[in-house]
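Quick notes on the structure that follows.
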Amino acid sequence: MTKNNYEIVGNGKKKIVFIHYFGGDAGSWKWLAKRLVKSHTCILLNLPGFNETELNFEPSIYEYAIFVNKQIEALKLKDYTLCGHSMGGKIALYAALMNEVNKPKKIILVAPSPPTTENMADDEKKRMLHHPNKEEAIQTVKNGIVKKLRRGKFEYAVNSQLRINIKAWNWWINEGMNHDISMGIKNLEIPTFVICSKNDPVISMDAIYNEVMPYLNKGTLIVFNRIGHLIPLEATRKLARHIKKISKFKYDISTE
């Protein structure tokens with residue numbers, strides 16, 4: 001384990017483990033974490049193969065879930081929330097399923113890749129497999145957003161793609177997004193909050209209604225407007241506000 005596996009921001013009592021989207025890394029959450037520092041300890045993970053970190057296993061949902069749980073164990077986290085964006089949402093659900101002794105108290109899924117399969121057009125997959133390629137990275141960000149990003153955020157979203165190991169990159173496009181974990185996660189009895197946008201050009205509301213919510217036993221849906229797929233970057237303040245509300249929500253699985 002190296003220090004590059006995660007970044008810790010804040011020292012509040014409430015602990016949240018953040019798992020980034022495909023194309024992102026720990027730093028993709030930094031604007032959000034700054035708005036949570038007073039009340040939360042934010043653990044921002046770098047999945048192996050992302051942000052130029054070492055990829056020492058064959059990428060899979062299973063292996064990434066093991067990685068997440070190893071970080072939780074190493075940091076001795078208790079009473080924590082697991083938050084995943086897009087690809088990170090799928091990994092978060094599987095990590096929660098696998099962690100038999102120390103499950104999260106709550107799960108937050110931000111524009112999640114469905115636990116079934118993610119519907120991406122073949123021509124879009126073909127375009128994205130040109131990696132690393134800055135022009136394609138720029139186009140990928142433009143394709144994913146509705147609200148214009150400030151320069152720093154836009155450049156980060158572009159450059160974070162260029163720091164991803166080719167093996168990890170190809171795995172998600174060719175295999176990971178098609179890995180169906182839906183039957184397993186139907187057994188989860190954890191309050192799960194899905195935050196999405198009506199205008200998301202990547203994960204549609206139909207996908208949320210048909211491929212996400214039916215598989216969550218204790219799912220709550222929160223819908224934004226006029227925001228695209230990169231919610232942590234496009235609607236940082238609004239997302240932070242909702243996460244704070246979720247953190248205060250008294251819903252302990254041990255009493256259910």
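The values are calculated or read from the model by the stated rules, or taken from the named source; none is laboratory data. Quick caveat: nothing in here was measured; it's all calculated off a predicted structure. Here the Cβ positions follow ideal geometry from the backbone for every residue, glycine too, while neighbour counts run over all protein chains shown.
Return the residues of region 92-139 that are out of contact with any strand residue (DSSP E or B) (no Cβ under 6 Å at 6 or more places or on another chain), under 25 Å from ASN159 (Cβ atoms), among the small types (Gly, Ala, Ser) and buried (at least 22 other Cβ atoms within 10 Å of the Cβ); say none if nothing qualifies. Selection gives SER113 alone. Number of residues in region 18-60 that are buried (at least 20 other Cβ atoms within 10 Å of the Cβ) and in contact with a Gly (Cβ under 9 Å, 6 or more places away or on another chain) equals 19. Among the residues of region 51-109, those identified as aromatic (Phe, Trp, Tyr) and closer than 24 Å to TRP169 by Cβ are PHE57, TYR62, TYR64, PHE67, TYR94. Just give me the residues in region 1-13 being polar (S, T, N, Q), part of a loop (DSSP other than H, G, I, E, B) and either buried (at least 24 other Cβ atoms within 10 Å of the Cβ) or touching a strand residue (DSSP E or B) at 6+ places or on another chain (Cβ under 8 Å) (or both), in sequence order. Once the filter is applied, which keeps residues that are polar (S, T, N, Q), part of a loop (DSSP other than H, G, I, E, B) and either buried (at least 24 other Cβ atoms within 10 Å of the Cβ) or touching a strand residue (DSSP E or B) at 6+ places or on another chain (Cβ under 8 Å) (or both), region 1-13 yields only ASN11.
Conditions (1) in a loop (DSSP other than H, G, I, E, B); (2) out of contact with any Asp or Glu (no Cβ under 8 Å at 6 or more places or on another chain), marked per residue:
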| residue | (1), (2) |
| --- | --- |
| ASN102 | yes, no |
| SER113 | yes, yes |
| MET120 | yes, yes |
| ASP123 | no, yes |
| ARG127 | no, no |
| GLU135 | no, yes |
| LYS147 | yes, no |
| LYS153 | no, yes |
| GLN161 | no, yes |
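Only residues that are hydrophobic (A, V, I, L, M, F, W, C) and surrounded by fewer than 19 Cβ atoms within 10 Å (Cβ to Cβ) were counted across region 205-239, and they come to 5.
When region 53-78 is filtered for residues that are in a loop (DSSP other than H, G, I, E, B) and either modelled with pLDDT under 95 or more than 18 Å from the chain's Cα centre (by Cα) (or both), the ones remaining, listed by number, are GLU54, LEU55, ASN56, PHE57, GLU58, LEU75, LYS76, LEU77, LYS78. The lone criterion from (1) of a type in the set (Val, Ile, Thr); (2) touching a Leu at 6+ places or on another chain (Cβ under 8 Å); (3) closer than 17 Å to VAL9 by Cα left unmet by VAL37 is number (2). Of all the residues in region 14-46, those that are part of a loop (DSSP other than H, G, I, E, B) and either more than 16 Å from ALA157 (Cα to Cα) or basic (Lys, Arg) (or both) number 5. Put simply, of GLY89, GLY49 the only residue that is among the small types (Gly, Ala, Ser), in contact with a Leu (Cβ under 8 Å, 6 or more places away or on another chain) and assigned to a loop (DSSP other than H, G, I, E, B) is GLY49. Would you be able to tell me the number of residues in region 100-123 that are touching a residue at least 12 places away in the same chain (Cβ under 8 Å), among the charged types (D, E, K, R) and over 25 Å from LYS78 (Cα atoms)? Summing the residues that are touching a residue at least 12 places away in the same chain (Cβ under 8 Å), among the charged types (D, E, K, R) and over 25 Å from LYS78 (Cα atoms) in region 100-123 gives 1. Within region 183-198, the residues that satisfy the criterion of being crowded, with 16+ Cβ neighbours inside 10 Å and not aromatic (Phe, Trp, Tyr) are ILE185, LEU188, ILE190, PRO191, THR192, VAL194, ILE195, CYS196, SER197.
Within the option set VAL212, VAL194, being modelled with pLDDT of 95 or more, assigned to a helix (DSSP H, G or I) and within 21 Å of LYS103 (Cα to Cα) holds for one residue only, VAL212.
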